[in-house]
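Q: Below you will find the structure I want to go over with you.
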Amino acid sequence: MPAGLVMVWFRSDLRLNDNPALHFAASTGKSVLPVFVWNAPREIPWAQGRASKWWLHESLVSLDASLRQKGARLVIRDGNPGLALATLAAETGADTVVWNSTREPDGRETDAELERQLRRAGISVKVYRSAFLFSPDNIRTREGKPFLVFTPFWNACRAEKPSREPLPAPARIRFPEVPVSSRSLDELGLIPAPDRTEGIRAVWKPGEPTAQKMLHEFLVTRVDAYKTDREIPSIRGTSRLSAYLHFGEISPHTVWHHAFALNAEHFLRQLCWREFASHLLFHFPHAADHPLKTEYNRFPWNEDTAALRAWQTGATGFPFVDAGMRELWATGWQHNRVRMVTASFLTKDLLLNWTLGARWFWETLVDADLGNNTLGWQWVAGCGADAAPYYRIFNPVLQGEKFDPKGEYVRRWIPELAGVSDRFIHRPWEAPAGELRAAGVRLGSTYPFPIIHHEEARKRALSAYASLRRP
DNA sequence: TGAAATGTTGGGGCG
DNA sequence: ACGCCCCAACATTTC
């Protein structure tokens, strides 16, 4: 039995399968010490939001359970990661630490600084990459620049070699015999008091086993219809793997490998949007807070806390928008088609700064991911790479009628409108008084009047855009 | 991964 | 029979 002890630092890779760092550690034959460090996030600009913290808590519970099945357990520490790891190494006699890098600019030490810090403490460090399929170094334009448009980026990804085979989970993990102290998960305070996560709990089960189950269920039953069904928010047409991918409960290589074998081209393409988002943020780390197109720095955004509040709480009077915002609040997730519509409504109808929307999504989404969130909001607002031109303004009524023609999605999330006919479900203010009465709807009391006149808001948004063009 | 405004075409009603 | 109007239906342009 080789002497020494290897620490595996878990970060955004909360899984046993296809985990290069864990795989390496187990293959050394040494004892393996799995550790998670909670870095009290007060000063980090994009620290985890409420929904993310709940997910993280549950995911760590699941990871610990999986490790215990292999004979190990998860050690939890908190504070500065470099310090926490060095301390743990000193306590246990570990000589090596290994991890899978994350790509996000977390506003703290970079991995390189961390490596130096640990090496100074006499610990050898090994770093793998597994959070993304393609490296920013490999996917570049002919001039060596980052792609700013998705389709050529996607073509470049497809021209790369298919990703590696997923690594198996270690058969057994030998946990050190020395005593190791650990914080308890509950002490980290990831679940706020009072706990308002019942709705989220009812819908989501974080953890690697569920991620694996969901991937395979998706590939067996839904991937064939994915191309069209993914646009319909009332049905389960998408994979719903976003949060699992964000926390690394399933690796993108595993997803790619299985989807590739089925020729699921449209799904692979969506997986590469995640890659694209991460590449953009890697090359333009300021994009999380600032528009990529600099002229948007002088965009005449509105200020209106009442309107922002109405949007957040699903009380805009536009049923498709409100349904989406209520789905988000109730479940920590919102269908992608609806994300485009709700985001367009905030930025273009209400003319509120896209960063306000990005913040709200960040707090409420279980899949909050800085790359995806930034790309999505800048895409909608028109200030990002490969963004929708500003004049593409979604009509919330037409979008509802197109993608929720029978109003099933609206009725699910806005039960007070359940009795309104298909014809008026997306525009209740146009329904005849008799119909509303029969449906038990009193506009302005049981359900709001529209807080804005869309056609006028559209014109206002277009002139705001025009003001950008004349300097 | 829009939507509205504007332009064009062609069939049918009708004097 | 013919021209005229109307207006869907579709296409193109513009924001």
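Taken together, the values in this text are just the output of simple stated rules run on the coordinates, not laboratory data. All of these numbers come straight from a predicted model, not from anything done at the bench. Cβ atoms come from the backbone with ideal geometry, glycine included; neighbour counts cover every protein chain shown.
Q: Per residue Cα convex hull volume for segment A:1-75, in cubic angstrom?
A: Once divided by residue count, the hull of segment A:1-75 is 98 Å³.
Q: Let me ask something else about it. May I ask for the distance between the Cα centers of segment A:353-404 and segment A:20-52, given as a whole number of Å?
A: 30
Q: May I pose another question? P(r) of segment A:194-322 in 5 Å steps, Cα pairs, percent per bin?
A: Going from the shortest bin to the longest, the percentages are 2, 8, 13, 14, 15, 15, 16, 10, 5, 1.
Q: With Rg and the Kirkwood Rh both taken from Cα atoms, where does Rg over Rh land for segment A:294-469?
A: 0.97
Q: Let me see the P(r) profile for segment A:309-380: every Cα-Cα distance counted, bins of 10 Å, each bin given as a percent of all pairs.
A: Binned Cα distances yield the sequence 22, 64, 14, 0.
Q: Still on this structure, I have one more. How much of the pair distance distribution for segment A:149-232 lies past 22 Å, counting alpha-carbon pairs only, in percent?
A: Of the Cα pairs, 65 percent sit more than 22 Å apart.
Q: I'd like the Kirkwood hydrodynamic radius of segment A:393-439, using the inverse of the mean 1/r over distinct C-alpha pairs, in Å.
A: Computed over segment A:393-439, the radius equals 10.8 Å.
Q: In addition: Stokes-Einstein at 10 °C, 1.306 mPa s, Kirkwood radius from Cα pairs: D for segment A:288-338 in µm² s⁻¹?
A: Value of D from the Cα-based Kirkwood radius: 124 µm²/s.
Q: Amide H of A:Leu33 versus every other amide H placed in the peptide plane: which residues, excluding those fewer than 5 positions away on the same chain, fall under 5 Å?
A: Those qualifying (amide H under 5 Å, at least 5 residues apart or on another chain) are A:Val6, A:Met7, A:Val8.
Q: What pairs in A:Lys161/A:Lys227; A:Lys213/A:Lys293; A:Lys161/A:Lys293 have C-alpha atoms more than 29 Å from each other?
A: A:Lys213/A:Lys293; A:Lys161/A:Lys293
Q: Can you tell me how much longer the chain between A:His257 and A:Lys406 gets when fully stretched, taken as 0.36 nm per residue apart minus their C-alpha distance, in nm with one decimal?
A: Contour length minus Cα-Cα distance gives 50.0 nm.
Q: Please turn the phi angles of segment A:375-387 into ³J(HN,Hα) values with the Karplus equation 6.51 cos²θ - 1.76 cosθ + 1.60 (θ = phi - 60°), one per residue in order, whole Hz, x for glycine and proline.
A: 3J(HN,Hα) across segment A:375-387, in whole Hz: 4, x, 5, 5, 4, 5, 5, x, 9, x, 6, 6, 7.
Q: Just the number, please: Stokes-Einstein D of chain A in µm²/s, Kirkwood Rh from C-alpha pairs, 25 °C, 0.890 mPa s.
A: For these conditions, the coefficient is 102 µm²/s.
Q: Let me ask something additional. Please state the equivalent ellipsoid semi-axes for segment A:379-471: what are the square roots of 5 times the Cα gyration tensor eigenvalues, largest first, in whole Å?
A: Listed largest to smallest, the semi-axes of segment A:379-471 are 32, 15, 10 Å.
Q: Could you tell me how many cubic angstrom of Cα convex hull volume segment A:163-205 has per residue?
A: Once divided by residue count, the hull of segment A:163-205 is 186 Å³.
Q: With a cut-off of 8 Å between alpha carbons and a minimum separation of six or more residues, what is the relative contact order of segment A:1-130 in percent?
A: Relative contact order of segment A:1-130: 35 percent.
Q: Per residue, what volume in Å³ does the convex hull of the Cα atoms of segment A:1-130 enclose?
A: Hull volume over Cα atoms, normalised by residue count, gives 102 Å³.
Q: For segment A:246-385, what is Rg from Cα atoms divided by 2.2 N^0.38 Å, rounded to two decimals?
A: 1.11
Q: Given 4 °C and 1.567 mPa s, how large is the Stokes-Einstein diffusion coefficient of segment A:93-217 in µm²/s, with Rh as the Kirkwood radius over Cα pairs?
A: My calculation gives 66 µm²/s for D.
Q: What nm value, rounded to one decimal, do you get for the distance between A:Ser421 and A:Lys459 when each label is placed 7 Å out toward the C-beta?
A: According to this spin-label approximation, the distance is 3.1 nm.
Q: When only alpha-carbon atoms count, how far does segment A:204-279 stretch along each of its three principal axes, as whole angstroms with the largest first?
A: So the three principal-axis extents are 29, 27, 24 Å.
Q: Can you tell me the relative contact order of chain A? Whole percent, Cα pairs under 8 Å, sequence separation 6 or more.
A: In percent, rounded to a whole number, it is 17.
Q: What is the Cα radius of gyration of segment A:103-161 over 2.2 N^0.38 Å, N being its residue count?
A: For segment A:103-161, the normalised Cα radius of gyration is 1.53.
Q: Which FRET efficiency value, to the nearest 0.05, do you get for A:Leu443 and A:Ala225 by plugging their Cβ-Cβ distance into 1/(1 + (r/R0)^6) with R0 = 35 Å?
A: Efficiency at R0 = 35 Å is approximately 0.40.
Q: Go through A:69-77, A:117-125 and give me the packing order, highest mean Cβ count within 10 Å leading.
A: The densest-packed peptide leads the list: A:69-77, A:117-125.
Q: List the residues, sorted by chain then number, that are 5 or more residues from A:Tyr447 or on another chain and whose placed amide H is less than 5 Å from its amide H.
A: Counting only residues 5 or more places away or on other chains, the set is A:Arg442.
Q: Excluding A:Arg269 itself, calculate the net charge of residues whose Cβ lies under 12 Å from the Cβ of A:Arg269, where each Lys or Arg counts +1 and each Asp or Glu counts -1.
A: +2
Q: Please compute the alpha carbon radius of gyration of segment A:349-389, then divide it by the globular-protein estimate 2.2 N^0.38 Å. Two decimals is fine.
A: In units of the globular-protein estimate, segment A:349-389 measures up at 1.12.
Q: Ranked by Cβ crowding within 10 angstrom, fewest neighbours first, how are A:Ser27, A:Ser182, A:Ser344 ordered?
A: Least crowded to most crowded, the residues run A:Ser27, A:Ser182, A:Ser344.
Q: Now, a different point. What value, in deg cm²/dmol to 500, does the helix sum -39500 (n - 2.57) over DSSP H runs of n ≥ 4 give at 222 nm once divided by the residues of chain A?
A: Value at 222 nm, helices only: -13000 deg cm²/dmol.
Q: Taking the Cα-to-Cβ direction at A:Glu113 and at A:Arg359 and moving 7 Å from each Cα, how far apart do the two end points lie in nm?
A: Each label point lies 7 Å from its Cα, and together they span 2.5 nm.
Q: Quick one: net charge of A:Ser31's neighbours, Cβ under 15 Å, K/R +1, D/E -1?
A: Surrounding charge for A:Ser31 is +2.
Q: Given the peptides A:285-292, A:172-179, A:425-432, arrange them by the average over their residues of other C-beta atoms within 10 Å, most packed first.
A: My ranking of the peptides, most packed first, is A:425-432, A:285-292, A:172-179.
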